[in-house]
1. Restricting attention to helices (runs of 4 or more DSSP H) lying wholly within segment 23-110, give those where 2 or more residues are in contact (Cβ under 8 Å) with a residue 40 or more places away in the chain.
2. Within segment 109-122, track down each residue that is over 16 Å from E51 (Cβ atoms) and either of a type in the set (A, V, I, L, M, F, W, C) or exposed (fewer than 12 other Cβ atoms within 10 Å of the Cβ) (or both).
3. Of everything in segment 5-30 that's under 25 Å from the mean Cα position of the chain (by Cα) and aliphatic (A, V, I, L, M), which residue is modelled with the highest pLDDT?
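The values are calculated or read from the model by the stated rules, or taken from the named source; none is laboratory data. No experiment lies behind these values; they were computed from the predicted model shown. Glycine also receives a Cβ, built like all others from the backbone with ideal geometry; neighbour counts cover every protein chain displayed.
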Amino acid sequence: MPTTTPIVRGTRRIDFTMQRTKQKKLQAAGWRVGSAADFLELTAEEAALVEIRLRLARSLRSLRKKHHMTQESMAKRLGSSQSRIAKMGKADPSVSLELMVRSAVALGPSAKDVGQAISGGSI
């Protein structure tokens, strides 16, 4: 079983798949090993916003599949377009967080459920 390098975020531990041996080889060759947030030089607030957007996108995709909807049928139900639904599902920054939250609530979950999804739970 490969050895992984843990990342601890709050009380949550996340393991990513880079083996320590590979990490050490990369570092020995002069490479820096870090997170996407490190690479993009995101502030803690920016990283949190990206995480919220990703969680909402994941929840919207999950809700769409749970209701056996296509992007097109979801768009009709929400009064939107298929391309906008696709962008929501991919966490595209051109889609506002408000639209993502409103869309999630319109598909059935309560605002409390959506809040739990944003904080790391599932809908």
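1. 44-66, 97-106
2. S110, A111, K112
3. The residue in question is M18.
Each row is one residue, and each column tells you yes or no for (1) among the hydrophobic types (A, V, I, L, M, F, W, C); (2) outside the structural domain of G108 (by TED's automatic domain parsing); (3) over 17 Å from S122 (Cα atoms).
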site: R20; (1), (2), (3): no, yes, yes
site: A28; (1), (2), (3): yes, yes, yes
site: L54; (1), (2), (3): yes, no, no
site: R58; (1), (2), (3): no, no, no
site: K65; (1), (2), (3): no, no, no
site: G79; (1), (2), (3): no, no, yes
site: R84; (1), (2), (3): no, no, yes
